[in-house]
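Written out below as structure tokens is the structure these notes cover.
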Amino acid sequence: MADRSNITSWLTDMDGVLVHEGHAIPGASELIAKWQSAGTPFLVLTNNSIYTPRDLSARLQAGGLDIPEDRIWTSALATAAFLDKQMPGGTAYVIGDAGLTTALHEVGYVQTDNNPDYVVLGETRNINFESITKAVRLIKAGARFIVTNPDVTGPSQEGVIPAAGSFAALITKATGMEPYVVGKPNPMMFRSAMRKIGAHSETTGMIGDRMDTDVVAGIEAGLHTVLVLTGISDTEEIKKYPFRPTEILNSVADLI
């Protein structure tokens, strides 16, 4: 077992780590309760930019997890924090749902299709040809292209569905412009999360279920990385990568 005695703060992925198909994974509720009772700084991270932290907190509560909204860090919040630092009070044409539009409003961004500074693409179930066309034209006219997360597909009850990365690829093909992607596996999302809770990389752990996002970004951010086998990655998947997490555990129950 890798030494985690110096870890005083935690970041954790949500789907596949704490919840699966809307239900808490065994041990997740107890781990969150342990952190809260000990006063351990932590954040739950998700690349999903559709929902606000309040929405996600309510959904997690329904699934058996009591996580306050201020303990949730989404790719939408990370994108808003990034844009606020890059160009405070800027403008953006936004393709996305409430999680993204709310986050940008809260940092003072004006959302417009009239010569915006940025085109920002997030997860949405309401994308259409008109919005894609407008994004392409604005980028060609000089707007910078930002995407909340690189995921090309996402889960649904009916099966996989195209996600932000797929629509970003379409826009890139039409414009020749690659977007800047803020969410995992960009380690910037972890660094912005650590700033929110006043954590330092040397004493922060990251729990995830994916080698290609959670673990690689955690390594690049200098974190103690924990891979759990309750989500995407399994022992055969791990062998495909040239890097390794600090620890491999069956589930978050092993951290209690």
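What follows draws every value from the coordinates through simple rules; no lab data is involved. Note that the coordinates shown come from a computational prediction; the quantities given were computed from them, not determined experimentally. Here the Cβ is made from the backbone with ideal geometry for all residues, glycine too, and neighbour counts use every protein chain on show.
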Legend entry - For the chain, built as a Gaussian network whose Cα springs stay under 10 Å, the top-fluctuating residue of Phe243, Phe167, Phe42: Phe243
Inset, instruction - Please order Tyr180, Tyr51 by the number of other Cβ within 10 Å, starting at the fewest. - result: Tyr180, Tyr51
Legend entry - Cross-link table Lys184/Lys239; Lys34/Lys196; Lys85/Lys140; Lys184/Lys240; Lys173/Lys196, entries beyond 27 Å C-alpha to C-alpha: Lys173/Lys196
Legend entry - In sequence order, calculated HN-Hα J values of the range 143-150 (Karplus, 6.51, -1.76, 1.60; Hz; x Gly/Pro): 5, 7, 9, 10, 10, 5, 7, x
Legend entry - Cβ-based exposure ranking for Trp35, Trp73, in which fewest neighbours within 10 Å come first: Trp35, Trp73
Inset, instruction - Please grab the % of Cα pairs in the range 76-181 that end up more than 17 Å from each other. - result: 48
Legend entry - the range 181-202 and the range 209-247: distance between their alpha carbon centers, rounded to Å: 16
Legend entry - Furthest towards positive pole of dipole, Ala33, Met189, Gly63, structure part the chain, Cβ charges: Met189
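If you place +1 on the Cβ of every Lys and Arg and -1 on the Cβ of every Asp and Glu, how big does the dipole about the Cα centre of the range 76-181 come out, in debye to the nearest 20?
340
How big is the convex hull of the Cα atoms of the range 63-136, per residue, in Å³?
Spread over its residues, the Cα hull of the range 63-136 gives 90 Å³ apiece.
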Inset, instruction - Order by neighbour count: Ser57, Ser233, fewest other Cβ atoms within 10 Å first, most last. - result: Ser57, Ser233
Inset, instruction - For the range 137-156 and the range 1-33, write down the distance between their C-alpha centroids in whole Å. - result: 30
Inset, instruction - Work out how much length Thr40 to Ala174 would gain on full extension: take 0.36 nm times their residue separation and subtract the Cα-Cα distance, in nm to one decimal. - result: 43.6 nm
Inset, instruction - Report the local net charge at Ile7: Lys and Arg +1, Asp and Glu -1, summed over other residues whose C-beta lies under 11 Å from its C-beta. - result: -2
Inset, instruction - Choose one answer from Val110, Val44, Val17: the residue with the largest mean-square fluctuation in a GNM of the chain with alpha-carbon springs under 10 Å. - result: Val110
Legend entry - Estimated Rh, the range 151-256: Kirkwood, alpha-carbon pairs, angstrom: 15.4
Inset, instruction - Sticking to Cα atoms, compute the Rg of the chain to one decimal and its Dmax as the biggest Cα-Cα distance, whole number, in Å. - result: 18.1, 55
Inset, instruction - Pop a pseudo-label 7 angstrom from the Cα along the beta-carbon direction at both Asp212 and Lys239 and give the gap in nm to one decimal. - result: 1.9
Inset, instruction - Would you mind getting me the FRET efficiency between Thr203 and Phe129? Use the beta-carbon distance for r and R0 = 35 Å, nearest 0.05. - result: 0.10
Inset, instruction - Determine the calculated [θ] at 222 nm for the chain from helices alone, applying -39500 (n - 2.57) to every DSSP H run no shorter than 4 residues and normalising by the residue count; nearest 500 deg cm²/dmol. - result: -9500 deg cm²/dmol
